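**Student:** Structure in structure tokens, see below.
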Amino acid sequence: MNETDPAIAVKKRRAASLSVAYNGSLTLIKLIVAALTGSVSMFTEAAHSGADVIASGFALIAVRYAAQPPDEDHNYGHGKIETLAGFGEAIMLLLVVAYAVFEAIMRLINPQPASNLGLGIVVMVICSLANLIVAAYVSKTAKQTGSIALTSNSQHLMVDFWTNLGVLAALGVGATTGWHRADPVFAILLSLWIIHGAWKMCCTAFNQLVDHRLGDEELETINEILHKHSSLKGFHKLRTRRSGNVAYVDVHLEVPLTWSLVQAHELADLIEKEIQNTLAPAIATIHVDPVE
């Protein structure tokens, strides 16, 4: 799977475009209902969806530019644009949630009864179902294309689904018990949960930006490929990183001193292909060192 494949690029753009349109419509609906009901949890969810609109825009732009092939100025391609977009989405989500917590605390100190709770409940039921469908589609596309921007965006949509349910519960408690503080309490609890997810997304994107090595499972796969070739005397300087959805692997192979250049090249070429096919999309660069 190649991130510059036109079919892959079309799938990414289609999923990102759907996410932008969906989140834009959802934000507008939630803002209107939040104004009609006076619900702080609904307002929190509207602000969260608003952040997702911008995040989806980031994803849409990122997948378009990341799909461009390597050029003279970007020899390794443009994959990290997606990573940067995912990092930006996570930071934005953290900022929005911090503001939501502040608003909820103010409502706890000065509780205000919400109104039109029936309307709010109906809207949140519809939003929850819609979130689940769109999130499933974007997540499926992210797995098919290996896009970190779409992965981050699908996680945002799933967070939206659960927060929608939380808001629905808060409105339901308020409508049935008349406990006015249920709304801000649920808003704070949901905000803490969102912070946890946003922090994990932030760490994942940051690790890619600073060229963190591949995961333990991928490194184990590389070691298995190298060790299964009995003619290989050893290897060293194994280095790995990820850019966008592409894994990069560099390694020095140790081959017998008596081997010809053709023999060494054939083995290096074979191992390169095995690594690239197993970790696809991946690019392996191998150097050969003759040893006694």
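**Student:** Put a dot 7 Å past each Cα toward the Cβ at Ala7 and Tyr76; how far apart are the dots in nm?
**Tutor:** About 2.9 nm, to one decimal.
**Student:** If a helix is a whole DSSP H run, which ones in the chain reach 18 Å or further along their own axis (Cα) and hold a mean Kyte-Doolittle hydropathy of at least 0.5?
**Tutor:** 6-37, 40-66, 80-109, 117-145, 148-177, 182-209
**Student:** Determine, from the Cβ-Cβ distance of Leu18 and Ser260 and an R0 of 35 Å, the FRET efficiency 1/(1 + (r/R0)^6), rounded to the nearest 0.05.
**Tutor:** Computed FRET efficiency for Leu18 and Ser260: 0.05.
**Student:** A follow-up question, please. Please list, or write none, the lysines whose alpha carbon is within less than 23 Å of the alpha carbon of Lys273, excluding same-chain residues fewer than 8 places away.
**Tutor:** Hits, sequence-local ones excluded: Lys143, Lys228, Lys233, Lys237.
**Student:** Could you bin all the Cα-Cα distances of segment 216-291 into 10 Å bins starting at 0 and give me the percent of pairs in each, rounded to whole numbers?
**Tutor:** In order of increasing distance, the bins hold 19, 56, 22, 3, 0 percent.
**Student:** While we're on this one: Work out how much length Asn223 to Leu95 would gain on full extension: take 0.36 nm times their residue separation and subtract the Cα-Cα distance, in nm to one decimal.
**Tutor:** 42.0 nm
**Student:** Another question about this same structure. Beyond 24 Å, how much of the Cα-Cα pair distribution for segment 173-261 remains, as a whole percent?
**Tutor:** I get 53 percent for the Cα pairs in segment 173-261 exceeding 24 Å.
**Student:** For segment 6-209, what relative contact order do you get, as a whole percent, if you take Cα pairs closer than 8 Å and at least 6 residues apart?
**Tutor:** Result for segment 6-209 is 29 percent.
**Student:** Follow-up. Val288's amide H: which non-local residues (gap 5+, or another chain) put their own amide H closer than 5 Å, with H modeled 1.01 Å from N in plane and none for Pro or chain starts?
**Tutor:** Here the answer is Leu253, since their amide H atoms fall under 5 Å of that of Val288.
**Student:** Hey, could you grab the Kirkwood Rh for segment 129-216? Inverse mean 1/r over distinct alpha carbon pairs, Å, one decimal.
**Tutor:** Across segment 129-216, the inverse of the average 1/r is 14.8 Å.
**Student:** Scan around Ala247 for amide H atoms under 5 Å from its own, H built in the peptide plane at 1.01 Å from N, and keep only partners 5 or more places away or cross-chain.
**Tutor:** Residues meeting the amide H criterion: Ala282, Ile283.
**Student:** Also, quick follow-up: For Glu292 paired with Ala280, estimate the spin-label separation in nm (one decimal), with each label point 7 Å from Cα along the Cα-to-Cβ line.
**Tutor:** 4.3
**Student:** List the residues whose amide H sits under 5 Å from the amide H of Phe235, counting only those 5 or more places along or on another chain, with H placed 1.01 Å from N in the peptide plane.
**Tutor:** Glu254
**Student:** Over all alpha-carbon pairs in segment 6-209, figure out the percentage whose distance exceeds 26 Å.
**Tutor:** Considering segment 6-209, 34 percent of its Cα-Cα pairs are separated by more than 26 Å.
**Student:** Could you state the number of Å between the C-alpha centres of segment 14-30 and segment 229-288?
**Tutor:** 44
**Student:** On full extension of the chain, what length is gained from Leu232 through Gln144, given 0.36 nm per residue of separation minus the C-alpha to C-alpha distance?
**Tutor:** Using 0.36 nm per residue and subtracting the Cα-Cα distance, I get 28.2 nm.
Values in this text are rule-based calculations from the coordinates and carry no lab data. All figures in this text were calculated on a predicted structure; none of them were measured in a lab. Cβ sites come from the backbone with ideal geometry, for glycine too, and all protein chains shown count toward neighbours.
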